[in-house]
1. Over all alpha-carbon pairs in the range 6-150, figure out the percentage whose distance exceeds 27 Å.
2. Which of the pairs K56/K136; K56/K111; K136/K159; K56/K221; K111/K179; K159/K214 have their Cα atoms more than 31 Å apart in this structure?
3. How many nm separate the modelled label positions at Y312 and W201, each set 7 Å beyond the Cα in the direction of the Cβ?
4. Defining a contact as two alpha carbons under 8 Å apart and six or more residues distant in sequence, what relative contact order in percent does the chain show?
5. Would the range 60-214 count as rounded, prolate or oblate if I go by the C-alpha gyration tensor, calling it rounded below 1.5 in a/c and otherwise prolate when a/b exceeds b/c, oblate otherwise?
6. Specify the inter-centroid distance of the range 77-98 and the range 263-303, based on alpha-carbon positions, in whole Å.
7. Report the antiparallel proportion of the DSSP beta bridges in the range 20-312 as a percent, rounded to a multiple of 5.
8. Just the number: Rg to Rh for the chain, Cα atoms, Kirkwood Rh, two decimals.
Amino acid sequence: MPNQPISGNDLARFSGPQTFMRLPSVETAAGLDVGFIGVPMDIGTSWRSGTRFGPKQVREQSAMIRPYNIQTGAAPFDSLQCADLGDVAINTFDLAATIDIITDTYDAHLKHDMIPIGIGGDHTMTLPILRSIARKHGPAALVHVDAHADVSDDMFGSKVAHGTPFRRAYEEGLITPSKVWQIGLRGTGYSADDFTEAAGWGFNQHLAPALWHKSLTPLAKDIVAAIGSQPTYITFDIDSLDPAFAPGTGTPEIGGLTTMQAMELIRGLRGLNIVGADMVEVSPPYDTSGNTALVGANIIYEILSVLPGVKYR
Ligand code: MN
Ligand code: MN
């Protein structure tokens with residue numbers, strides 16, 4: 001039997017290891033199917049910081065999640081060997097160095113045949129992760145759930161920041177532009193084409209107002225059909241959700257997705273060849289209730305539940 005989260009009936013949920021879902025903490029990805037990796041950084045943010053505390057609080061809130069997904073029948077821990085690989089040892093004074101440290105750490109873990117699930121951390125982290133993913137799998141399809149397109153050319157002249165990762169990923173050929181979905185975009189911009197330039201590259205963009213009051217299950221089905229078997233990365237910015245559901249984030253935008261829509265979307269992605277995922281932009285200082293991190297932890301669990309090889313009961 002693969003690793004199991006410690007049961008809340010054996011050891012009280014408010015005690016035990018501070019790992020994702022109280023899974024074992026391991027040093028190496030050898031033998032793993034799935035590894036959870038914290039990326040405690042916020043030095044790529046432009047407005048409110050605090051995501052350096054994201055991995056800690058998401059892990060803390062994950063302690064209440066039980067192993068079986070009663071609603072969908074998914075039993076991820078029946079067939080996948082999962083563990084927590086700890087945090088990337090970033091340099092909190094040096095963004096450029098941190099970017100390379102993240103890629104190096106992922107490269108080392110991806111020597112093993114393992115699906116990394118990153119826990120952030122600000123969205124800058126997804127660029128160095130995609131560099132490593134592309135090195136292993138080739139250009140990836142991308143499901144990017146976010147209030148923002150994150151395709152700015154620079155921020156304060158810096159080419160790498162949390163508003164630029166997907167322009168860089170496009171320029172570097174890390175992703176297949178026609179196989180990119182950006183879901184939940186909204187808010188204000190600096191110019192009318194802030195988002196839409198990327199549509200010209202081939203990105204499939206779904207602005208939040210077009211999704212209001214709708215189920216996201218049909219969209220998920222369309223994405224699965226269009227991507228087929230191509231290696232796919234899922235990046236989930238918690239600010240895709242309405243601030244009513246996820247206030248603890250750096251750049252909140254009103255009129256966002258609901259948690260129910262997020263669950264429909266992720267559940268509908270079952271069947272994709274998912275090779276990695278991340279949950280980014282959870283900023284605990286802006287939601288001391290822990291609710292934003294609770295939502296983040298549960299969405300990570302939903303992603304885990306649709307990974308290749310998960311058995312359903
Ligand atoms: Mn983002
Ligand atoms: Mn965002």
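1. Result: 24 percent of Cα pairs exceed 27 Å.
2. K56/K221; K159/K214
3. A separation of 3.4 nm, rounded to one decimal place.
4. 22 percent
5. oblate
6. About 16 Å separates the Cα centre of the range 77-98 from the one of the range 263-303.
7. Close to 10 percent.
8. In the chain, Rg relative to Rh is 0.93.
The values are calculated or read from the model by the stated rules, or taken from the named source; none is laboratory data. Values in this document were obtained by computation on a predicted structure and should not be read as measured data. Counting neighbours? That spans all protein chains shown, and the Cβs are built from the backbone with ideal geometry, glycine included. Areas reflect the complete protein model, heavy atoms only, side chains present, ligands, DNA and RNA absent. Shrake-Rupley method; radii C 1.70, N 1.55, O 1.52, S 1.80 Å.
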